[in-house]
Amino acid sequence: MAESNSSGHGLTTPPPMSPCWLLDFPVEHVLLVVLNNPKSLNCLTTDDHWSLDALFQWYDNEPSLRCCVVTGQGRAFCAGADLKEWDRSNSRVSKGGPGLKVMPQSGFAGLSRRGGKKPIIGAVNGLAYGGGMEMVANLDLVVASKSATFALPEVKRGVAAIAGSLPRLMRIVGRARAMDMALTGRAVTAQDAQEWGVINSVTEDAPADAKVTSRPVVKKAMEYAKVICDNSPDSIIVTRAGLVSAWEDGSVEHATTAVMEIWQRRLNQGENIHEGVRAFVEKRSPKWVGSRL
């Protein structure tokens, strides 16, 4: 797979580029992001977080794209932060030098605290540890291969999972399971993660030599993405905003009010609401246009 497949199905702006990822557009309106540091299990540096933040901001603002899938090259989804970088930074600090740059507001990989507009689906092909698990806890949908594992092993390294996963995990799996996972640092299987509500579905493992786009976990994620892309791009953004508002605020009424007062007007002013109603009346499939919300 090339670093950026130019068949981007009518992109209006070029994507930002970085050696930490590969980009592909295997399905119309869908962006595939492949974390590309397999020798280090796709660990990410501080600069990578900022680069990925820029990439996902571009995705949100690119009208031709409606859904995104994130996966990892090699046998890992993401093993977390580059601890060698942390060690170098600690050494500099002990000598009076500067420490690591602060992460972007969107968090680890630009995902662990991301709000954003459009959905992002995780295709977890292997271990998701540390920052990888922090990403998973805030993705919109997650598919995992049968052998994938999930863990927050920070306590084993003298650090803490501070990129947003701890409160999210508490909400997702409940107090007992969150305490178990975060305080012991133990790994959880894909089957348990599905039972706990961390992920949506589990697929068969891929052969070791399988191309990224032919992996069952990526194919399943693409199935979700295709279904999402069949719907109105404006409606997806507004619906997701309603769900995220409730997640972040904790109040059903506040979330409802936010959607009605902020997003309903934008939805009504867009082309897709009129096209959807017209297509229903005319008994045909709607022809959506890229969202400008």
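The values are calculated or read from the model by the stated rules, or taken from the named source; none is laboratory data. Just so it is clear, the model here is predicted, and its values are computed rather than measured. Note that each Cβ is placed from the backbone with ideal geometry, even for glycine, and that neighbours are counted across all protein chains shown.
Some observations on this one:
- Residue check, Asn36 crowded, with 21+ Cβ neighbours inside 10 Å, modelled with pLDDT of 95 or more and either over 15 Å from the mean Cα position of the chain (by Cα) or not charged (D, E, K, R) (or both): no
Conditions tested, residue by residue: (1) among the basic types (Lys, Arg); (2) farther than 19 Å from Gly126 by Cβ; (3) buried (at least 19 other Cβ atoms within 10 Å of the Cβ); (4) in the same structural domain as Gly250 (by TED's automatic domain parsing).
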position: Leu139; (1), (2), (3), (4): no, no, yes, no
position: Ser147; (1), (2), (3), (4): no, no, no, no
position: Arg157; (1), (2), (3), (4): yes, yes, no, no
position: Ala160; (1), (2), (3), (4): no, yes, no, no
position: Met170; (1), (2), (3), (4): no, yes, no, no
position: Arg177; (1), (2), (3), (4): yes, yes, no, no
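- Taken together, the criteria exclude Val259 from residues that are surrounded by 13 or more Cβ atoms within 10 Å (Cβ to Cβ) and at pLDDT 95 or above.
- Qualifying residue in region 231-245 (condition: at pLDDT below 95, surrounded by fewer than 21 Cβ atoms within 10 Å (Cβ to Cβ) and in contact with a Ser or Thr (Cβ under 8 Å, 6 or more places away or on another chain)): yes
- Ile121 within 21 Å of Gly74 (Cα to Cα), assigned to a loop (DSSP other than H, G, I, E, B) and touching a helix residue (DSSP H, G or I) at 6+ places or on another chain (Cβ under 9 Å): no
- Residue check, Ser51 hydroxyl-bearing (Ser, Thr, Tyr), surrounded by fewer than 19 Cβ atoms within 10 Å (Cβ to Cβ), under 20 Å from the mean Cα position of the chain (by Cα) and at pLDDT 95 or above: no
- Residues that are assigned to a helix (DSSP H, G or I) and among the charged types (D, E, K, R), drawn from region 181-195: Asp192, Glu195
- So Leu183, is it farther than 30 Å from Val277 by Cα, assigned by TED's automatic domain parsing to the domain that holds Gly107, out of contact with any Cys (no Cβ under 6 Å at 6 or more places or on another chain) and in contact (Cβ under 8 Å) with a residue 24 or more places away in the chain: yes
- Residue check for Ala279: hydrophobic (A, V, I, L, M, F, W, C), part of a helix (DSSP H, G or I) and in contact with a helix residue (DSSP H, G or I) (Cβ under 7 Å, 6 or more places away or on another chain): no
- Count of region 200-250 residues, restricted to those that are without any contact (Cβ under 8 Å) to a residue 60 or more places away in the chain and either among the hydroxyl-bearing types (Ser, Thr, Tyr) or part of a helix (DSSP H, G or I) (or both), is 15.
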